[in-house]
Structures are given as structure tokens and as C-alpha cells.
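Peer 1: Here it is: the structure, laid out below.
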Amino acid sequence: MKQYTNSGNKDTRSGFGAGLFEAGKENGNVVAMTADLIGSLKMEAFVEAFPERFVQCGIAEANMVGAAAGLAISGKIPFIGSFAEFVTGRVYDQIRQEVAYGNANVKICASHAGITLGEDGATHQTMEDIALMRALPGMVVINPCDYNQTKAATMAIAGYEGPVYLRFGRPGVPNFTSPDQKFEIGKAIMMNEGNDVTIFATGHLVWEALQACQMLEEEGISAEIIDIATIKPLDEEAVVASARKTGAVVCAEEHNMYGGLGELIAGVLALSCPTPVEYINGGDRFGQSGTPAELMKAYGLDAAHIAEAAKKAISRK
């Protein structure tokens, strides 16, 4: 198994803040906007360096989306930031009508995504956001796995023309990918080559998948681990090639069972390469209060559950 070193737990929202600052240095058209959450989105460096390119919208997310669409029409590249629940569900109509329908060059940056928001509970957690954003025509959906990848993805989307949904989180998680990586939108990332089962993982579940890979290796099972950092557009070629190679698949995501990565991959395989598929996700339920680690275990979003799902998928070959 390829070895990855955790350089220290870091929150992915800080990766966004670092990437936004770098994007702002590279392109004078990058504008940042937030709904009263500078600190939570780690925008401080950008705001201090480029105050003339920052707009504090207050707790008025719908207005922020509309203003961002207007700025995009004028040639700016607005990065709008809030909690994932507030910048998707609360303003879905505005995103649909003013951003997606017009193919506006707006970057929707969603912190505190998934269940690992933790103690704030179900009203602030969102497990449905990928489904919402995936359904919008032309919307790119990106869910990076650690600080370094989030920073690289943030810088990459500044150069992409069109609407993007970038999802990241609050808790400190292992930082294990390369600090100097170049993020390529729409490309799956091979983390470990294997022969017996493929584990497609996204976001915080990539590290858990790598830990599951080690557990499986100790039992003589060779797992291929693929990081699906870009959920839409999906790298269908990589998905089909790996499924054909191993003949068994697990899809791991911090999201509702409906409308996320698992359903997407199963649909692709049903058309091109029918394969046994097992799912690791949050089920059809809301979140609850608890520490991120407690919730990941309670909802079956950890390495042990991934390893068991891999063995079940293999048994169905």
C-alpha cells in the first residue's frame, strides 16, 4: 500500500482561506463576499490585503447571491461564502435563477458541510447539499479531502469560467496530500492501486478509505482507493476502468444516501460496467449534536465500516 503521512490535522476551511488569498494575489478580478462569517470562512487574509475587493453582506444570503451574479456579469470573479446549509438550501431559488440559469461565473464556497460540523446539530449541518447542487445544469461540484487539496481547488476554480460549488468543513482533519499539488477539475485521483475492490471516496472520507485500505491489506485484500474530489463533472472513464479491474466497488461520502456520489457512480456503472456496489453514507436522516468523531462513528462513516463494506462488495462478485 502506498503510504501517506499526516502532516497534522488542519481544517479544510483554512485551506479555502489560504487559497482565496493566493487567488486574490494572482487575479485582481477575484472578489470575496460573505454573510457575516469572515472568521468562520477564514477570509481574514484576503480582507486585510484587498479590502476594496471584499463585500460584507450581513445575514442576507439571498441578496449576496444576487449581488454576486451582478458582479460576475461585470467581469468580476465573486467567491461567496457561508455555512453549507445557508448557502444552498436557504438560497436555492436565487442560485438556480441568477447563477446557474445564466451560467454566471460565481464560486459558491460552503464551509461547515456534512455531519462533521458537530455540536451545532441538525439545523446547521447539511447532508443534502451535493444533491441540490448536482441537479443544477452547468454547476461544477467539488469536495476536496484535506487542507492542501482545498487550497489547490480554491485556486483552480478562480481560473474556471462558470458556476462552481466548493464544499469544505470545520473540524481539523488529517492533512496528507501534496502541498504543491495542482488541482485539475474533473479528474479522479488515484491514491492507491489495488486489484480486489475499488473504494471511491470524497471529502473527509478519503482519509478514512486509506485507513480502511491498510486494514484490508492486513487481511490479504488489495484495495484500490480513488479520490473523487470533483463530483461533477465525474471522471467516468476512471470510474469504469477501475470497476472493470477490481469487479467490486464501495462509494464513501459524508452525505445523504440520495443524490450524492454513490448514486452517481452506480448510475454510470449500470450503463457501462454492471458491478456490485456497497455504500457508505449518512443514510436517509438528519444530523444530530455530537463531536465530529462521535458522529462519524455513529453514522458509519469511518474506516472500520468502509472495510466491512469492501468485504461485502467482494463477496457479491
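The values are calculated or read from the model by the stated rules, or taken from the named source; none is laboratory data. Not measured: the values here are computed from a predicted model. Heads up, the Cβs are rebuilt from the backbone with ideal geometry, glycines too, and the neighbour counts pull from every protein chain shown.
Peer 1: Among the listed residues Phe86, Phe79, Phe46, which satisfies the condition of being within 19 Å of Gly138 (Cα to Cα) and of a type in the set (Phe, Trp, Tyr)?
Peer 2: The unique qualifying residue is Phe79.
For every residue, the table says whether it meets (1) crowded, with 20+ Cβ neighbours inside 10 Å; (2) more than 21 Å from Ala293 (Cα to Cα); (3) in contact with a Leu (Cβ under 9 Å, 6 or more places away or on another chain); (4) not β-branched (Val, Ile, Thr).
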residue: Asn175; (1), (2), (3), (4): yes, no, no, yes
residue: Ile185; (1), (2), (3), (4): no, yes, no, no
residue: Leu234; (1), (2), (3), (4): yes, yes, yes, yes
residue: Ala248; (1), (2), (3), (4): yes, yes, no, yes
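Peer 1: Name every residue in the stretch 11-55 that is charged (D, E, K, R) and out of contact with any strand residue (DSSP E or B) (no Cβ under 6 Å at 6 or more places or on another chain), in order of residue number.
Peer 2: Selection gives Glu22, Lys25, Glu26, Asp36, Lys42, Glu44, Glu48, Glu52.
Peer 1: Of all residues in the stretch 112-168, how many are on the phi > 0 side of the Ramachandran plot and surrounded by fewer than 24 Cβ atoms within 10 Å (Cβ to Cβ)?
Peer 2: Going through the stretch 112-168 one residue at a time, the tally reaches 4.
Peer 1: While we're looking at this one, here's another question. Scan the stretch 159-199 residue by residue and report those that are of a type in the set (Phe, Trp, Tyr) and more than 15 Å from the chain's Cα centre (by Cα).
Peer 2: Answer for the stretch 159-199, where residues must be of a type in the set (Phe, Trp, Tyr) and more than 15 Å from the chain's Cα centre (by Cα): Tyr160, Phe176.
Peer 1: When the residues of the stretch 259-282 are narrowed to those that are assigned to a loop (DSSP other than H, G, I, E, B) and surrounded by 14 or more Cβ atoms within 10 Å (Cβ to Cβ), which ends up nearest to the chain's Cα centre (by Cα)?
Peer 2: Gly260
Peer 1: Now a separate question. Test Lys2 against the stated conditions and say whether it is surrounded by fewer than 23 Cβ atoms within 10 Å (Cβ to Cβ) and among the basic types (Lys, Arg).
Peer 2: Taking the combined requirement at face value, the residue satisfies it.
Peer 1: Report, ordered by the first and then the second residue, all pairs with beta carbons closer than 6 Å, sequence separation of six or more or different chains, a first member in the stretch 253-280 that is more than 18 Å from Ala212 (Cα to Cα), and a second member that is part of a strand (DSSP E or B).
Peer 2: Pairs found: Leu261/Ile231; Leu261/Cys251; Ile265/Phe200; Ile265/Cys251; Ala266/Val277; Thr275/Val249.
Peer 1: If Val173 passes every condition in (1) assigned to a helix (DSSP H, G or I); (2) closer than 15 Å to Asn148 by Cα but one, which one does it miss?
Peer 2: The one condition Val173 does not meet is (1).
Peer 1: Also: Quick one: in the stretch 285-311, which of the residues that are without any contact (Cβ under 8 Å) to a residue 40 or more places away in the chain and under 19 Å from the mean Cα position of the chain (by Cα) is farthest from Ala243 (Cα to Cα)?
Peer 2: Restricting to residues being without any contact (Cβ under 8 Å) to a residue 40 or more places away in the chain and under 19 Å from the mean Cα position of the chain (by Cα), the top hit is Ala293.
Peer 1: Give me a count of the residues in the stretch 111-158 that are within 18 Å of Pro292 (Cβ to Cβ) and either more than 11 Å from the chain's Cα centre (by Cα) or not in a helix (DSSP H, G or I) (or both).
Peer 2: 22
Peer 1: Kindly provide the set of residues from the stretch 28-44 that are surrounded by 15 or more Cβ atoms within 10 Å (Cβ to Cβ) and more than 30 Å from Gly287 (Cα to Cα), ordered by number.
Peer 2: Asn29, Val30, Val31
Peer 1: For Val87, indicate whether it is under 22 Å from the mean Cα position of the chain (by Cα) and closer than 12 Å to Ala110 by Cα.
Peer 2: For Val87, the condition - under 22 Å from the mean Cα position of the chain (by Cα) and closer than 12 Å to Ala110 by Cα - is met.
Peer 1: Would you check if Val240 is of a type in the set (A, V, I, L, M), farther than 19 Å from Met155 by Cα and surrounded by 20 or more Cβ atoms within 10 Å (Cβ to Cβ)?
Peer 2: no
Peer 1: Out of all the residues in the stretch 24-77, which are over 20 Å from Phe168 (Cα atoms) and among the polar types (S, T, N, Q)?
Peer 2: Of everything in the stretch 24-77, those that are over 20 Å from Phe168 (Cα atoms) and among the polar types (S, T, N, Q) turn out to be Asn27, Asn29, Gln56, Asn63, Ser74.
Peer 1: Can Val99 be described as of a type in the set (A, V, I, L, M), outside the structural domain of Asp196 (by TED's automatic domain parsing) and touching a residue at least 40 places away in the same chain (Cβ under 8 Å)?
Peer 2: Taking the combined requirement at face value, the residue satisfies it.
Peer 1: Go through the stretch 119-163 and count every residue that is farther than 18 Å from Phe21 by Cα and of a type outside the set (Asp, Glu).
Peer 2: Final tally of qualifying residues: 24.
Peer 1: Picking from Val206, Val240, which residue would you name as being farther than 30 Å from Phe21 by Cβ, assigned to a helix (DSSP H, G or I) and outside the structural domain of Arg96 (by TED's automatic domain parsing)?
Peer 2: Val240
Peer 1: Go through the stretch 68-85 and count every residue that is surrounded by fewer than 20 Cβ atoms within 10 Å (Cβ to Cβ) and assigned to a loop (DSSP other than H, G, I, E, B).
Peer 2: Selection size over the stretch 68-85: 3.
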